[in-house]
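S.K.: Sending over a structure as structure tokens; questions will come in a sec.
The values are calculated or read from the model by the stated rules, or taken from the named source; none is laboratory data. What you are looking at is a predicted structure, and each value in this text was computed from that prediction instead of being measured. Please note: Cβ atoms are built from the backbone with ideal geometry, for glycine as well, and neighbour counts cover all protein chains shown. To get the accessible areas, we keep the full protein, side chains included, count just its heavy atoms, and leave off ligands, DNA and RNA. Shrake-Rupley method; radii C 1.70, N 1.55, O 1.52, S 1.80 Å.
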Amino acid sequence: MTIVRFEKSVLDSILSHSLNMYPKEAILLLRGKKERNEILINEIVVPPLAMHGLRFSGFPSHMLPMDLRVMGVSHSHPSGNQQPSVYDLNHFYGRIMVIVAYPFQSYSDIAVFDKDGSRLRWQLIPDGQRGSD
């Protein structure tokens, strides 16, 4: 089973960005690396030409440079719903999808999914450290 580990500063930035974009949806790229059954996320990137609306967010994926460190996307759900929509699953990018639900105040507002919409386990780790299984 794959476990996703996030550096604390990444999760804090995702929550902060989501709150700052509210009531519009926020979207960010997640960079890191995959080793065996672990994905480590240690950086976020604002996608070029990102679009933000009251019920959507997105970016033109063809505008992204080739970057094998992009592990997935984080986006917010201002509605408070943590579940991925059919649209979310049909526009999945990378290995994981993070959904941050309103009110964007705590780590419990964060959910991580695979391309099938199954919830993945995740852990917070201190910045600069790599977790172990």
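S.K.: State all residues of segment 18-33 that are surrounded by fewer than 20 Cβ atoms within 10 Å (Cβ to Cβ) and free of Cβ contacts under 8 Å to residues at least 40 places away in the same chain; if no residue qualifies, say none.
M.R.: Correct list: Asn20, Lys33.
S.K.: State which residue is farthest from His91 (Cα to Cα) when the search covers only segment 17-59 and only residues that are touching a Ser or Thr at 6+ places or on another chain (Cβ under 9 Å) and small (Gly, Ala, Ser).
M.R.: Ser18
S.K.: List the strands (runs of 3 or more DSSP E) inside segment 34-133, counting only whole elements, that have at least 3 residues being touching a residue at least 60 places away in the same chain (Cβ under 8 Å) and open to solvent by 30 Å² or more (accessible area, probe 1.4 Å). Before the answer, list the steps.
M.R.: Values: elements: 38-45, 70-77, 96-101, 110-113, 121-125.
Counting at least 3 such residues, we get 121-125.
S.K.: Give the residue, chosen from Gly80, Gly94, that is modelled with pLDDT under 95, touching a strand residue (DSSP E or B) at 6+ places or on another chain (Cβ under 6 Å) and closer than 17 Å to Ser16 by Cα.
M.R.: Sole residue among the options that is modelled with pLDDT under 95, touching a strand residue (DSSP E or B) at 6+ places or on another chain (Cβ under 6 Å) and closer than 17 Å to Ser16 by Cα: Gly80.
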